[in-house]
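These notes are about the structure you will find just below.
The values are calculated or read from the model by the stated rules, or taken from the named source; none is laboratory data. None of the values given here were measured: they were computed from a predicted structure. Cβ placement follows ideal geometry from the backbone for every residue including glycine, while neighbour counts extend to all protein chains displayed. For the accessible areas, the whole protein counts, side chains as well, though only heavy atoms, and no ligand, DNA or RNA atoms are used. Shrake-Rupley method; radii C 1.70, N 1.55, O 1.52, S 1.80 Å.
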Amino acid sequence: MTRIVVVTSGKGGVGKTTTSASFSSGLAMRGHKTVVIDFDVGLRNLDLIMGCERRVVYDFVNVIQGEASLKQTLIKDKQLENLFILPASQTRDKDALSQEGVEKVINELKEMGFDYIVCDSPAGIEAGALMAAYFADDALVVTNPEVSSVRDSDRILGILAAKSRRAIEADEPVKEFLLLTRYNPKRVNDGEMLSLGDIEDILRIKLIGVIPESESVLQASNQGVPAIHLRETDVAEAYKDVVARYLGEEKPLRFTDYNKPSLLKRLFGGK
């Protein structure tokens, strides 16, 4: 049974596309046939982070409008045999996505035997974001530990509860998971960021993981490699934990506690 997972947020720049790339890669690493779709028509960043921008010939809109087949358009990941990318168009308007067209593509992907369809949603509540949310079975709601990001995520939860197909058809609700990115325990300790408890109290959805603030994410993006592939980094380990929890495994939370440096470290330049 194919599961459709939307990676969404209310605010831009919180790490949705980074998460979509690493989450879909993580599912494929675990042996699941996975496709990740870029719903951000007009901008298109997923192919850059996945390192396949030079291989884009056709895009999502070409498939919807019958100008290319899915087989022509899907790009096979360089590192993982069972991971595919469906890129967005850079030249079309966001209104080029129609509900009927998107549904047709999703149904065809199901027929092709994909276990997971990961939808990389644009930020906010524009057409592409609403389209990605409409078809979701599960939602990863990505937020940073700051007030505006959390508030906007709450708005997205309202849309999933009211405007998804599952809501409209009175089916089981979309399963919602909170993913906290760019978390810095020291800044939380210093009162510069919201704490984990604060965010959980506001949003009231299941926490699936915490991704630590790290320069590794930028390095991965610049290299065109999903962060989950960066060996021996906290970010890669955190994303692997997220995938494991999504697949039903119990994993303790990591990278959330602030370990105050010793007096010696502080005297000799430690942070």
| remark: Going through segment 39-72 in order, the residues found to be of a type outside the set (V, I, T), within 25 Å of S9 (Cβ to Cβ), open to solvent by less than 10 Å² (accessible area, probe 1.4 Å) and part of a helix (DSSP H, G or I) are L46, D47, F60
| query | Which residues, taken from segment 170-194, are out of contact with any Lys or Arg (no Cβ under 8 Å at 6 or more places or on another chain), outside any helix (DSSP H, G or I) and within 24 Å of Y258 (Cβ to Cβ)? | reply | L179, L180, T181, R182, Y183, N184, D190, G191, E192, L194
| request: Give the residues of segment 195-227 that are touching an Asp or Glu at 6+ places or on another chain (Cβ under 9 Å), under 22 Å from V5 (Cα atoms) and in a helix (DSSP H, G or I), sorted by residue number. | output: L203
| query | Can you tell me which residues in segment 82-118 are over 27 Å from G26 (Cβ atoms) and crowded, with 17+ Cβ neighbours inside 10 Å? | reply | R92, K94, A96, G101
| task | Would you tally the residues in segment 128-138 being at pLDDT below 95 and farther than 10 Å from Q99 by Cβ? | result | 4
| message | Being small (G, A, S), within 24 Å of K251 (Cα to Cα) and modelled with pLDDT under 90 is the requirement here; does S216 meet it? | response | yes
| query | Is there any pair linking a residue in segment 159-179 that is within 22 Å of L247 (Cα to Cα) to one that is among the acidic types (D, E) and open to solvent by 30 Å² or more (accessible area, probe 1.4 Å), with Cβ under 8 Å and at least six apart or on different chains, and which? | reply | L160/E176; R166/E172; L178/E200
| message | Quick check on this structure: which one of D77, D95, D59 is out of contact with any Lys or Arg (no Cβ under 9 Å at 6 or more places or on another chain) and more than 23 Å from A238 (Cβ to Cβ)? | response | D95
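Residues are listed down the side, and each one gets a yes or a no for (1) farther than 16 Å from S25 by Cβ; (2) surrounded by 13 or more Cβ atoms within 10 Å (Cβ to Cβ):
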site: A170; (1), (2): yes, no
site: L180; (1), (2): yes, yes
site: L207; (1), (2): yes, yes
site: H229; (1), (2): no, yes
site: V243; (1), (2): no, yes
site: G248; (1), (2): yes, no
| If you check every pair at least six apart or on different chains, which have Cβ atoms under 9 Å apart with a residue in segment 100-115 that is over 18 Å from I75 (Cβ atoms) and touching a residue at least 40 places away in the same chain (Cβ under 8 Å) first and a residue that is part of a helix (DSSP H, G or I) and open to solvent by 10 Å² or more (accessible area, probe 1.4 Å) second? | K104/V63; K104/I64
| request: Enumerate the pairs (first residue in segment 13-25 and under 13 Å from V210 (Cα atoms); second residue anywhere and of a type in the set (A, V, I, L, M, F, W, C) and part of a loop (DSSP other than H, G, I, E, B)) with beta-carbon separation below 9 Å, excluding pairs fewer than 6 apart on the same chain, so at least 6 apart or on different chains. | output: V14/A123
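I'd like to check something: does segment 119-135 contain any residue that is over 20 Å from A162 (Cβ atoms), in contact with a strand residue (DSSP E or B) (Cβ under 9 Å, 6 or more places away or on another chain) and crowded, with 19+ Cβ neighbours inside 10 Å? Break it down stepwise before answering.
Taking segment 119-135 as the starting set, the residues that turn out to be over 20 Å from A162 (Cβ atoms) are 120.
Narrowing the set further to residues that are in contact with a strand residue (DSSP E or B) (Cβ under 9 Å, 6 or more places away or on another chain) leaves 120.
Checking the rest, the ones that are also crowded, with 19+ Cβ neighbours inside 10 Å come to 120.
Within segment 119-135, one or more residues are over 20 Å from A162 (Cβ atoms), in contact with a strand residue (DSSP E or B) (Cβ under 9 Å, 6 or more places away or on another chain) and crowded, with 19+ Cβ neighbours inside 10 Å.
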